[in-house]
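Presented below is the structure to which this report refers.
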Amino acid sequence: GWAHLIMPGGDILAEGKVSFSIESRLLRELGERLVRQPEVALVELIKNAYDADAETCTIAVDPETEISVVDDGRGMTLDRFIRAWMRIGTSSKESQATSFGYGRPITGEKGIGRFAVRYLGRTLELRSVADDPDSDAETGRTELVARFDWTDFDRNEELGSVSVPYVLSEAPLDMETGTSLIIGK
């Protein structure tokens, strides 16, 4: 192999390939560095609702228990949740300049929204209803519920070793699309 070119002479003791590993505390550090203030975190979540073609985005704050950010945008399918929300370090929005429905200029960037959520509280319940004709739902509409406990990410050394439980179910057509973020602790 190419190791002979780098280290001539001597017996090769090991040769192979290795991938980067990522410590899970990186999520907290990124959140603190990218967001810095609660107001900035909320603005990022509002931008996500705007980019999802929401007509309304409602924020409710109970300082003792939770912050909720609820929009009536197009929601997230399971595929979009896995490929966009759960993929760190990339923005799924970079490839499109305008929103799907209203053609709004995309405002969110670099996937900061998920870090904003991490910055605002230690838990998150994400609920998202979306039209998903590729799913097995007879209605063509699904509801995704995922629960995050960010302290799990702080306790584990390897980011990939922390899993987020979710449930995907069929949603009736009279259930409006949109995303609800309930941030606790």
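Residues considered: Arg74, Arg33, Arg83. Of these, the only one that is in contact with a Ser or Thr (Cβ under 9 Å, 6 or more places away or on another chain) and without any contact (Cβ under 8 Å) to a residue 12 or more places away in the chain is Arg83.
Considering segment 53-71, and only residues there that are part of a loop (DSSP other than H, G, I, E, B) and out of contact with any Ser or Thr (no Cβ under 7 Å at 6 or more places or on another chain), the residue that is farthest from Gly103 (Cα to Cα) turns out to be Glu64.
The set of residues in segment 22-38 being open to solvent by 80 Å² or more (accessible area, probe 1.4 Å) and in a loop (DSSP other than H, G, I, E, B) consists of Arg25, Arg36, Gln37. Of Glu143, Glu176, all but one fail to be in contact with a strand residue (DSSP E or B) (Cβ under 9 Å, 6 or more places away or on another chain), among the acidic types (Asp, Glu), in a loop (DSSP other than H, G, I, E, B) and modelled with pLDDT of 85 or more; the exception is Glu176.
Only a single criterion out of (1) open to solvent by less than 50 Å² (accessible area, probe 1.4 Å); (2) at pLDDT 85 or above is not satisfied by Phe115, namely (2). State which residue is most open to solvent (accessible area, probe 1.4 Å) when the search covers only segment 164-181 and only residues that are hydroxyl-bearing (Ser, Thr, Tyr) and in contact (Cβ under 8 Å) with a residue 40 or more places away in the chain. Step by step, filter segment 164-181, then rank; the result is Tyr166. Residue count for segment 39-69 under the criterion of being of a type outside the set (D, E, K, R) and open to solvent by less than 60 Å² (accessible area, probe 1.4 Å): the result is 13.
The values are calculated or read from the model by the stated rules, or taken from the named source; none is laboratory data. Keep in mind that what you see is a predicted model, and the values were worked out from it rather than measured. With ideal geometry, Cβ positions are generated from the backbone for all residues, glycine too; neighbour counts draw on all protein chains shown. Keep in mind that these areas ignore ligands, DNA and RNA; they rest on the heavy atoms of the full protein, side chains included. Shrake-Rupley method; radii C 1.70, N 1.55, O 1.52, S 1.80 Å.
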